[in-house]
Each structure stands twice: as C-alpha cells, then as structure tokens.
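The values are calculated or read from the model by the stated rules, or taken from the named source; none is laboratory data. What you see is a predicted model, and the numbers here were worked out from it, not measured in a lab. Here the Cβ positions follow ideal geometry from the backbone for every residue, glycine too, while neighbour counts run over all protein chains shown.
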Amino acid sequence: MEGMSEREYSAHSGLSRGAIQKARKAGRLVVYGDGSINAAASDVRRADMTDPDQQRRSTGGDAAFSGPADSSSYLKARTALTVYQAQERQLAIQKKKGTLVDRARAETLVFRLARQERDVWVTWPSRVAALMAAEVAAEVAAEVEKLSGRPEHPVIIEAAILQRVLETHVREQLDALADLRVSLG
C-alpha cells in the first residue's frame, strides 16, 4: 500500500471517516491505484475544492475566513439582529400594556402640567389677598382689644398692599422652581 487508509487519513486530517468517504466520492482526494490515499496531494486538492466555511465547521475551528469577512462576523451580526428583534418585541408589549409611554407625549404632558400649576400660583394672590387682609385685620383688632381691654379703632389692612407682597413672594418661589429641569432619560 503506497498511501494511507481512510482511517489513517481521517486521523491525519481531523475529519470523520464519513467525511473522508464523501470527499473521495466527490473527487476531492487523490487516490493511488491500490485505493490508498495520497495525503499530501489530497490535502492540497481538498483545500482548493472545499468551501472554507464548511472546512472550518467540519474541523471545529474558527480561524478560517470565507472571502473578505470572517463567517463568525455573520454569526455575530445574526445574533445582534435576533437580540434587536427581541428587544423591539418587548418594547411593543410594554407599550400595549401601558408600562411604556411615548417620550414626546410625556414631555408635553409634564410641560402642560407645570404651566397649569404656574398659572394657578400666579393668580392665587389676587384671589386671596382681600380675604387674608380681612382675617389679619380681625385677628389684630381682637389681639389689641384683649391686651388693652377696650375696643380700639378698627384695624385696616389694605388688600392691594397684601396682594403686592404675596405676588412678590409667589414670583420668587416660581422663579426658583423654573430652574428645575425634567429629565426623562
């Protein structure tokens, strides 16, 4: 026998015996007249005729290249695509359940709510100034009468003055709150 048997060549090449038999039938091996395999010539022919991706997969290696790109980059890209699609489905499910909302819509709603609150506070002093002035005047008059023991002249607090004071303090508070920024991610 001039060359190797199928079993010997299988051990030499790292391929299964079945793969060696398929390569022989496909003409990817150089065979001597007695049926034995010429290992050196068969290695060269098999390398020339076999798809590098198939060769790499059959030997279990991952250092082979198929053309300009590594086939493992295809696997990585395929995995990334699968992960992306799963994340996309998860987001769609969260939207349907109502646990995920549109960012632009949320920002619009927060802005609208903040504006409504500001408007309520800006108009508050004009609504309560007269009531507060009357209450404070009554309290001061009662305290003066209690301390002196006799009724004094009625205490008058101007509602317009109280309103200006309240407006000043409310605007200061609103200016401080205007520096707050809502960050939704």
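Among the residues of the stretch 133-183, write down those that are polar (S, T, N, Q), within 29 Å of LEU113 (Cβ to Cβ) and at pLDDT below 85. Residue satisfying the conditions is SER183 alone.
Matching residues to (1) at pLDDT below 90; (2) under 20 Å from the mean Cα position of the chain (by Cα); (3) part of a helix (DSSP H, G or I):
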residue: GLN54; (1), (2), (3): yes, no, yes
residue: LEU81; (1), (2), (3): no, yes, yes
residue: GLN90; (1), (2), (3): no, yes, yes
residue: LEU113; (1), (2), (3): no, no, yes
residue: VAL120; (1), (2), (3): no, no, yes
residue: SER126; (1), (2), (3): no, no, yes
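Scanning the stretch 63-79 for residues that are modelled with pLDDT under 85 and surrounded by 12 or more Cβ atoms within 10 Å (Cβ to Cβ) returns ALA64, PHE65, SER66, ASP70, SER71, SER72. ALA104 meets each of the listed conditions (1) at pLDDT 90 or above; (2) closer than 25 Å to VAL182 by Cβ; (3) not charged (D, E, K, R) apart from (1).
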